[in-house]
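Since the structure comes first, as structure tokens, the remarks are kept for the end.
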Amino acid sequence: QSDVSGDIASILLTEEQLGAKLDELAAQIDKDYAGKDLLLVGVLKGAVMVMADLSRRLHTKAEMDWMAVSSYGSGTKSSGVVRILKDLDTDLTGRNVLIVEDIIDSGLTLSWLVANLRSRGPASVEIAAALRKPDAAKVDVDVRYVGFDIPNEFVVGYGLDYAERYRNLPFVATLAPHVYS
Ligand code: PRP
Ligand code: MN
Ligand code: MG
């Protein structure tokens with residue numbers, strides 16, 4: 001059957017909770033970047049939802065660009081290998097870059113990405129992430145804006161996938177065991 005509701009075990013964060021948190025983060029970002037130029041860098045594919053929802057809450061003038069990197073393939077475990085699938089179109093020289101991510105799991109993707117973008121001569125590089133799993137951290141990542149710290153369980157929705165599915169759920173949820181078998 002094609003309806004996803006039977007695949008959801010429990011909802012961790014509702015659309016309303018996510019929206020309220022993004023209101024707070026956007027207000028903070030507006031304050032911090034007042035009078036500055038801002039380049040939002042979304043990390044495809046997971047960051048699509050948070051990029052759309054966060055950027056629409058900003059009053060600061062912002063550009064958007066996208067990178068596609070992958071560390072997971074189609075499974076649930078981080079491989080630690082980060083590949084650039086699509087690079088930025090924008091020259092970062094002198095720019096204030098804010099990386100927008102859906103989740104920090106092991107931290108391997110973002111620690112690699114921050115170092116990569118810092119090497120391109122930007123004025124600043126900061127991170128905004130909707131979710132973070134403190135108990136899954138393999139490397140420390142300095143995150144300026146974080147929505148929610150969540151338990152170390154596999155979650156989907158709001159951009160997060162399992163085998164490319166469930167990204168379109170408007171909430172963050174855990175999957176029923178039958179999905180994995
Ligand atoms: C997921 C997620 C983050 C990253 C976090 O992306 O969207 O980008 O993994 O994991 P880490 O902190 O352990 O590195 P994924 O590589 O699955 O690609 P996707 O965004 O296209 O799903
Ligand atoms: Mn991702
Ligand atoms: Mg993924």
Over region 20-150, how many pairs of lysines fall under 20 Å by alpha carbon, counting only those 8 or more apart in sequence or from different chains? 9
Highest mean first, how do 130-139, 104-113 rank when packing is the count of other Cβ atoms within 10 Å averaged over residues? 104-113, 130-139
Per-residue [θ]222 nm for the chain (sum of -39500 (n - 2.57) over DSSP H runs n ≥ 4, rounded to 500): -6500 deg cm²/dmol
Which FRET efficiency value, to the nearest 0.05, do you get for Phe148 and His59 by plugging their Cβ-Cβ distance into 1/(1 + (r/R0)^6) with R0 = 30 Å? 0.80
Using only Cα atoms, find the angle between the long axis of helix 108-118 and the longest principal axis of the chain, and express it within 0 to 90 degrees, rounded to the nearest 10. 10
Would you work out which of Ser119, Ala62, Leu85 lies farthest towards the positive end of the dipole of region 20-150? Charges go on Cβ: Lys and Arg +1, Asp and Glu -1. Leu85
Global geometry of the chain, whether rounded, prolate or oblate, following the gyration tensor of its Cα atoms and the 1.5 cut on a/c: prolate
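Each reported figure results from applying straightforward, stated rules to the coordinates on display, with no laboratory input. All values reported here derive from a predicted model rather than from experimental measurement. Positions of Cβ are backbone-derived with ideal geometry, glycine not excepted, and every protein chain shown enters the neighbour counts.
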